[in-house]
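To keep things clear, I will list the structure first and then write my remarks on it.
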Amino acid sequence: MKLEDAIKQRSGNTCELSGTTDNLVIYEVPPAQNTGADGSILISEKCLNQIDKKEELDSKFWQGVLPTSMWSEVPAVQVVSWRMLNRFRNESWAADALDMMYLDDENLEWAKATGDHTGDGEVQLHKDSNGNILQNGDTVTLIKDLDVKGSTLNAKIGTAVRNIRLVHDNHEQIEGKIEGQQIVILTKYVKK
């Protein structure tokens, strides 16, 4: 039996976290120490995007999901539930759930392996001056005249910057071309 078929059969073709049947994907729980179906779960795209910090966390959604999924018999589901509960550990519902949850030593070590539980759960997204989320390939407009350091280029307000790229390690910066020159632009000076 193929991996995908085994996971779908185990989950009943529903998200193993939220129970939804829409837009399901297989998620390999990092780090990939458990191979096969034991190291992967079937989840919805909404769950995946929030786990991977590609969209802001929805506390009400997870509050309705995690207190149930944490009791799953599937170790990979337990690990993801524990990690997500830790992102919300400052909220009383999550702290209570974490107090009740039990992981054996091996699964607790797996859950802690990514270090995700040590952060505050804040998701750093690239946002424009109006709070709109930016993606690679978007077109943005400058909202301020910008002098480009190390160049004689002066980018005027209203200039369109097409096909931007997000700076991976800094959510306040994007890259784009203006007049054929690749520059770094602060997100607070652009709008989508």
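The values are calculated or read from the model by the stated rules, or taken from the named source; none is laboratory data. Please read all numbers here as calculations on a predicted model, not as lab measurements. Every residue, glycine as well, gets a Cβ built from its backbone with ideal geometry; the counts of neighbours run over all protein chains shown. Quick note on the areas: whole protein, heavy atoms, side chains included, nothing else; ligands and nucleic acids left out. Shrake-Rupley method; radii C 1.70, N 1.55, O 1.52, S 1.80 Å.
Numbers at a glance
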| read-out | value |
| --- | --- |
| Residue of 41, 174, 51 that the Gaussian network model of the chain assigns the largest fluctuation, springs spanning Cα pairs under 10 Å | 174 |
| Amide H within-cut-off set for residue 173, under 5 Å, with H built and near neighbours excluded | 167, 187 |
| The stretch 1-53: relative contact order in percent, alpha carbon pairs under 8 Å with at least 6 residues between | 38 |
| Chain lengthening between residue 154 and residue 188 when straightened (0.36 nm per residue, less Cα-Cα) | 10.5 nm |
| 5 angstrom amide H check on residue 40, placed H, neighbours 5+ away | 29 |
| Equivalent ellipsoid semi-axes - Cα gyration tensor, the stretch 84-160, angstrom | 45, 15, 10 |
| Most fluctuating residue given options 79, 161, 29, as computed from a GNM of the chain linking Cα atoms under 10 Å | 161 |
| Carbon plus sulfur fraction of accessible area for the chain, probe 1.4 Å, in percent | 44 |
| Partner lysines for residue 177 [C-alpha distance under 22 Å; skip if fewer than 8 residues away on the same chain] | 127, 144, 149, 156, 188, 191, 192 |
| Phi to ³J(HN,Hα) by Karplus 6.51 cos²θ - 1.76 cosθ + 1.60 over the stretch 179-192, Hz, x for Gly, Pro | 6, x, 10, 6, 9, 9, 10, 6, 4, 5, 9, 10, 9, 7 |
| With Cα atoms, 0 to 90° folded angle of helix 75-87 axis to the chain main axis | 50 |
| Dmax and Rg, reported as Rg then Dmax, of the chain (C-alpha, Å) | 20.8, 63 |
| Inter-probe distance in nm under a simple model that places probes 7 Å from Cα toward Cβ, at residue 71 and residue 124 | 3.8 |
| Calculated FRET efficiency for the pair residue 58/residue 106, C-beta based, R₀ 30 Å, to 0.05 | 0.50 |
| Net charge over other residues, Cβ less than 10 angstrom from the Cβ of residue 174 (K, R count +1; D, E count -1) | -3 |
| Relative contact order for the chain, counting Cα pairs under 8 Å that sit 6 or more residues apart, in percent | 14 |
| In degrees, nearest ten, helix 59-69 long axis to first principal axis of the chain (Cα) | 30 |
| GNM result for the chain, Cα springs below 10 Å: residue of 49, 13, 130 fluctuating most strongly | 130 |
| Average accessible surface area per residue within the stretch 7-98, 1.4 Å rolling probe, Å² | 47 |
| Ranking by accessible area, most exposed first, for 40, 92 with a 1.4 Å probe | 92, 40 |
